[in-house]
Amino acid sequence: MRNNKTTAAVRAAALTLLAIVGAFMLQSSTADLSGLSAFPLTVPTYKFGLEQERYQTIETREVKRGTSLSELLQSFNADPDITANLQASALRSLDATKLVAERPYTLFTRAGEDVPDFVVYEPNGYEQLIFDFTKGNSYVRAEEVTTQLLHGEGIVTSNLWNSVMEQGHNAKLALGVQRAIESAISLRSLNKGDDYEMIYERKLVEGKDKGVGRVKAVRLSHNKRDVIAIHFERPEDGINGYYNLAGENMSSGFLLSPVPGARISSAYNLRRFHPVLKRRKPHYGTDYAAPRGTPIVSVAEGKVVQISRTRGNGKFVKIKHDDTFTTQYLHMSRHVKGMRRGDWVNQGQTIGYVGSTGLATGPHVCFRFWKNGKQVNHLNQELPMGKPLPEHLIEEYFAERDTMLELLDYDYDAVLDGLATKEEVDKEKS
Ligand SMILES: [Zn+2]
């Protein structure tokens, strides 16, 4: 556990000294001293783009294993609305709600304040996620980074994860490779001897290795068929995911949970004993428990069709995704400010916050999943895949795909001949 406390006073004193030395050198090389009084005695020093002299304490701590984003943010005892806004804004830039164990975060606190003005989390060696507690928003700051593309390959031993780790790679790469293909093939169905290749990024700052970046492409051969996943990202079009050779989205159009990382406190159960009503009553939803104020996200893109409140459901939001699927989120403390019926929301967009309004024993979201007008257990459903690439990006995607296939040294015609159809993949998965 690291714990560096630096007082701004010490820093300011050191800087003053430097400035005086500087002035002295200037003085010895020039006869004119009249400008000396105008010479600046302190110049601000910056850490993560923040002016250090403004803060009384700048303290660096380490993330403890298993800490979630919301736990970290709540530990600063800021205004709950600010904390909730920070979390919502950070979820747009973080890959996961769990923070990386042992990575540093730094508190910038002004004299006389209990709550820091800024907290800077460093998920890796080249980016910082900066939480601005004065405004309730967050932003990513990146250093001058160069990216190398590396090639790796291996053969599945006990499982894919272990094989990647046995090649001397780290968990981030193993996780990235799994994520790239897990929607296309069941990882548990892989056999010993299945082989794979991966193209991945390595980030460098001033020539120093700062770790693995994105997994750009994976080729996995299973039962003489190839699964190929190519990463493609166009943030301005809301595109960031893995696509197959035909340009079809390889990820699910539905997230499994409206509160990523939250535990299921009560499953969908048609014979459940109701904890508040004290009698048997079917539970048509899946409950996810999380602290009050935790953001609730829409599991898929769609249109807000209802924002309402009833005695049993409390405050809730209902979203229609297409002609088949609608989702509903109950017991919210509140919905997102300014959201109205008829608004369009994206997958993963925050729509409200966990609460316990209505019939609820504690803070949780009761997630209701409607299929053709009936409430079903979403965890049992065959769900549609993510949205396809927009027409205007398909050519760009194909160019990216071909670059990756070249890096994989792939025989394109052979790939097309050996390409598993979606039906074959589905059959193998079930
Ligand atoms: Zn429920």
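The values are calculated or read from the model by the stated rules, or taken from the named source; none is laboratory data. Model, not experiment: these values are computed from the prediction. Here Cβ is always computed from backbone atoms with ideal geometry, including for glycine, and neighbour counts include all displayed protein chains. Side chains are part of the model used for accessible areas, which takes the heavy atoms of the whole protein and leaves out ligands, DNA and RNA. Shrake-Rupley method; radii C 1.70, N 1.55, O 1.52, S 1.80 Å.
Quick notes on this structure:
- Qualifying residues in region 366-376 (those that are within 13 Å of the ligand (Cβ to nearest atom) and under 24 Å from K387 (Cβ atoms)) - the one most open to solvent (accessible area, probe 1.4 Å): R368
- Of the residues making up region 85-116, those that are among the hydrophobic types (A, V, I, L, M, F, W, C) and open to solvent by less than 20 Å² (accessible area, probe 1.4 Å) number 6.
- Selected residue [part of a loop (DSSP other than H, G, I, E, B), in contact (Cβ under 8 Å) with a residue 12 or more places away in the chain, within 15 Å of the ligand (Cβ to nearest atom) and surrounded by fewer than 15 Cβ atoms within 10 Å (Cβ to Cβ)] from T361, T357: T361
- Residue list for region 292-323, filter: modelled with pLDDT under 95 and either of a type in the set (S, T, Y) or within 25 Å of S70 (Cα to Cα) (or both): R292, G293, T294, P295, I296, V297, S298, V299, A300, E301
- Hits in region 318-334 - residues which are part of a loop (DSSP other than H, G, I, E, B) and either within 16 Å of the ligand (Cβ to nearest atom) or among the polar types (S, T, N, Q) (or both): T324
- Total residues in region 244-259, condition under 13 Å from N377 (Cα atoms) and crowded, with 18+ Cβ neighbours inside 10 Å: 1
- Wholly within region 120-178, strands (runs of 3 or more DSSP E) carrying at least 3 residues that are basic (K, R) and in the same structural domain as R61 (by TED's automatic domain parsing): none
- Some residue of region 239-256 being assigned to a strand (DSSP E or B), closer than 23 Å to Q375 by Cα and modelled with pLDDT of 90 or more: no
- Residues satisfying the stated conditions in region 307-317, i.e. within 16 Å of the ligand (Cβ to nearest atom) and hydrophobic (A, V, I, L, M, F, W, C): F316, V317
- A142 within 30 Å of N77 (Cβ to Cβ) and at pLDDT below 90: yes
- The combined condition, being closer than 28 Å to L73 by Cα and assigned to a loop (DSSP other than H, G, I, E, B), is fulfilled by V259.
- Residues in region 153-178 that are in contact (Cβ under 8 Å) with a residue 40 or more places away in the chain and open to solvent by 50 Å² or more (accessible area, probe 1.4 Å): E153, I155, N170, K172.
- Any hit, region 335-348, residues being within 12 Å of the ligand (Cβ to nearest atom) and either in a loop (DSSP other than H, G, I, E, B) or closer than 15 Å to K303 by Cα (or both): no
- Cross-chain or 6+ apart pairs with Cβ under 8 Å, region 60-83 first and open to solvent by 40 Å² or more (accessible area, probe 1.4 Å), then assigned to a helix (DSSP H, G or I): Q74/T83
- Once region 401-430 is narrowed to residues that are open to solvent by less than 50 Å² (accessible area, probe 1.4 Å) and at pLDDT 60 or above, the residue that is nearest to I239 (Cα to Cα) is R401.
- Looking only at residues in region 260-291 that are more than 12 Å from the ligand (Cβ to nearest atom) and at pLDDT 90 or above, the one that is surrounded by the most Cβ atoms within 10 Å (Cβ to Cβ) is A290.
- If you go through region 309-323 and keep only what is surrounded by 13 or more Cβ atoms within 10 Å (Cβ to Cβ) and out of contact with any Ser or Thr (no Cβ under 9 Å at 6 or more places or on another chain), you end up with just G312.
- Residue within region 292-306 that is within 16 Å of the ligand (Cβ to nearest atom), farther than 17 Å from T357 by Cβ and over 25 Å from the mean Cα position of the chain (by Cα) present: no
- Extreme residue, least open to solvent (accessible area, probe 1.4 Å), among residues of region 234-243 that are in contact (Cβ under 8 Å) with a residue 40 or more places away in the chain and more than 14 Å from G348 (Cα to Cα): Y243
- Of residues in region 53-92 being among the basic types (K, R) and outside any helix (DSSP H, G or I), the one modelled with the highest pLDDT: R61
- Check on R341, surrounded by fewer than 20 Cβ atoms within 10 Å (Cβ to Cβ) and farther than 22 Å from Q87 by Cβ: yes
- Note on region 62-113: residues that are acidic (D, E) and within 22 Å of P295 (Cα to Cα) total 4.
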